[in-house]
Amino acid sequence: AKMYKVTVVGSGNWGSVAAKLIASNTVKFGSFHDEVRMWVFEEKLPSGEKLTEVINKTNENVKYLPGVKLGKNVVADPDLENAVKDANMLVFVTPHQFMDGICKRLAGKIRADAEGISLIKGMEVKKEGPSMISNLITKQLGINCSVLMGANIANEIAMEKFSEATVGYNQNKSAADRWVQLFCTPYFNVTAIQDVEGVELCGTLKNVVAIAAGFVDGLEMGNNTKAAIMRIGLKEMMAFSKMWFPSVKDSTFFESCGVADLITTCMGGRNRKVADAYARNGGKKSFDELEAEMLHGQKLQGVLTAQEVHEVLRDRGWQHMFPLFSAVHAISTGRLPPSAIVKISEEKPR
Ligand code: NAD
Ligand code: 13P
């Protein structure tokens with residue numbers, strides 16, 4: 001019987017690809033309703049038409065994923081409450097800075113038996129330290145929330161090129177198995193592990209390292225330097241994660257969500273690309289300006305995450321233990337030049 005109804009909250013570059021993956025499976029497996037609702041933050045296109053209307057007419061997200069058909073069973077909905085009201089599987093995939101507002105709007109409006117999964121890379125800063133987006137969802141909506149992260153540049157998966165991803169779950173293994181079934185395709189291989197924080201911290205923190213990798217590219221420092229930055233970055237990711245979340249497992253960093261996502265994002269991601277341009281401009285244009293010029297509405301997460309990491313480290317006086325993360329923050333806020341990225345000396349985290 002069709003027991004599960006899926007809604008995707010978000011419809012950017014990755015959100016649209018997630019809807020496409022899911023829609024190919026809901027029609028394949030009898031336990032899911034065919035229709036996949038996708039909440040779209042409504043906007044007017046230059047043609048004067050509304051984005052949702054164009055998606056529903058052409059089956060294509062012409063702004064965030066042009067040229068790719070999403071599946072006829074994807075229905076774009078500009079009304080957030082309406083989009084989630086019947087769903088018992090909620091997929092969250094928006095830039096992380098919008099999630100607090102979205103959760104506030106959704107509180108009390110979702111089904112009591114809903115399960116969530118977050119594809120969102122980012123964190124919130126709390127007095128006690130970093131707080132992950134899956135936790136925000138669980139706290140504000142009162143639902144269990146898994147995560148899915150991996151070496152997943154959206155445009156490549158849209159072209160059905162093979163990749164892997166990691167689902168992180170906490171206690172509910174049967175929900176995790178259902179998420180794996182919903183996302184897995186012959187070209188998208190998903191594995192579930194019991195380490196929700198570890199998976200989410202990997203996806204979140206690698207965006208800071210990707211900014212550093214972009215500076216190195218923009219300064220044309222070469223492959224060895226970039227590899228060094230990635231290695232130091234991976235060590236800081238592990239140390240930061242374990243400092244605040246002692247249950248995080250070392251093995252998680254060797255899954256797709258860990259080292260593989262770090263590599264692909266440092267080679268081909270948006271954070272890398274914009275940081276490269278920032279360094280080439282000698283820091284004369286701000287990240288906000290470059291994001292608007294280069295990404296056409298898509299959003300960076302790495303600069304904000306560097307700020308969030310900086311805040312939680314500053315509160316404890318721990319910045320010196322994370323020289324790479326700290327340098328990315330100082331450079332992206334204009335306090336140091338891009339060349340400072342290689343002036344870091346590696347100190348051993350406590
Ligand atoms: P995106 O950056 O392509 O698009 C931005 C989205 O934000 C658009 O849908 C836009 O409508 C929406 N938006 C703008 N203003 C808003 C507001 N005020 N309130 C709510 N929504 C608003 O989005 P994306 O690539 O789908 O990224 C979502 C998450 O997925 C991020 O955390 C990102 O790190 C992660 N992710 C992205 C990729 C990728 O390759 N694109 C891969 C893996 C993970
Ligand atoms: P960017 O946001 O830097 O493009 O990274 C995408 C990503 O998270 C790949 O998994």
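Is it true that V27 is more than 16 Å from ligand 2 (Cβ to nearest atom), out of contact with any helix residue (DSSP H, G or I) (no Cβ under 7 Å at 6 or more places or on another chain), of a type in the set (V, I, T) and farther than 18 Å from T94 by Cα?
Numbers: more than 16 Å from ligand 2 (Cβ to nearest atom): yes; out of contact with any helix residue (DSSP H, G or I) (no Cβ under 7 Å at 6 or more places or on another chain): yes; of a type in the set (V, I, T): yes; farther than 18 Å from T94 by Cα: yes.
Yes: the conditions hold for V27.
When the stretch 107-140 is limited to residues that are crowded, with 22+ Cβ neighbours inside 10 Å and assigned to a helix (DSSP H, G or I), the one that is nearest to ligand 1 (Cβ to nearest atom) turns out to be I133. For the stretch 229-273, the set of residues classified as acidic (D, E) and either assigned to a helix (DSSP H, G or I) or more than 16 Å from ligand 1 (Cβ to nearest atom) (or both) consists of E236, D250, D261, listed by residue number. Are any residues in the stretch 61-106 open to solvent by 80 Å² or more (accessible area, probe 1.4 Å), more than 15 Å from K5 (Cα to Cα) and away from ligand 1 (no atom under 15 Å from the Cβ), and if so, which ones? Selection gives K69, K72.
The selection criterion, being open to solvent by 10 Å² or more (accessible area, probe 1.4 Å), more than 28 Å from T305 (Cβ to Cβ) and within 15 Å of ligand 1 (Cβ to nearest atom), holds for K44. Looking only at the stretch 255-310, count every residue that is hydrophobic (A, V, I, L, M, F, W, C), more than 13 Å from the chain's Cα centre (by Cα) and over 17 Å from A212 (Cβ atoms) and tell me the total. Residues in the stretch 255-310 being hydrophobic (A, V, I, L, M, F, W, C), more than 13 Å from the chain's Cα centre (by Cα) and over 17 Å from A212 (Cβ atoms): 4 in total.
The number of residues in the stretch 141-183 being open to solvent by less than 30 Å² (accessible area, probe 1.4 Å) and within 16 Å of ligand 2 (Cβ to nearest atom) comes to 15.
When residues of the stretch 1-11 are filtered for being small (G, A, S) and surrounded by fewer than 22 Cβ atoms within 10 Å (Cβ to Cβ), how many remain?
Taking the stretch 1-11 first, the residues small (G, A, S) are 1, 10-11.
Checking the rest, the ones that are also surrounded by fewer than 22 Cβ atoms within 10 Å (Cβ to Cβ) come to 1.
Counting residues in the stretch 1-11 that are small (G, A, S) and surrounded by fewer than 22 Cβ atoms within 10 Å (Cβ to Cβ) gives 1.
Do we have E289 as closer than 30 Å to P66 by Cα, open to solvent by 10 Å² or more (accessible area, probe 1.4 Å) and within 16 Å of ligand 1 (Cβ to nearest atom) here? Considered against the rule, which asks whether it is closer than 30 Å to P66 by Cα, open to solvent by 10 Å² or more (accessible area, probe 1.4 Å) and within 16 Å of ligand 1 (Cβ to nearest atom), E289 comes out as no.
The values are calculated or read from the model by the stated rules, or taken from the named source; none is laboratory data. Given the structure is predicted, the values throughout are model-derived calculations rather than measurements. Positions of Cβ are generated from backbone atoms using ideal geometry, with glycine treated the same way; all protein chains shown enter the neighbour counts. Keep in mind that these areas ignore ligands, DNA and RNA; they rest on the heavy atoms of the full protein, side chains included. Shrake-Rupley method; radii C 1.70, N 1.55, O 1.52, S 1.80 Å.
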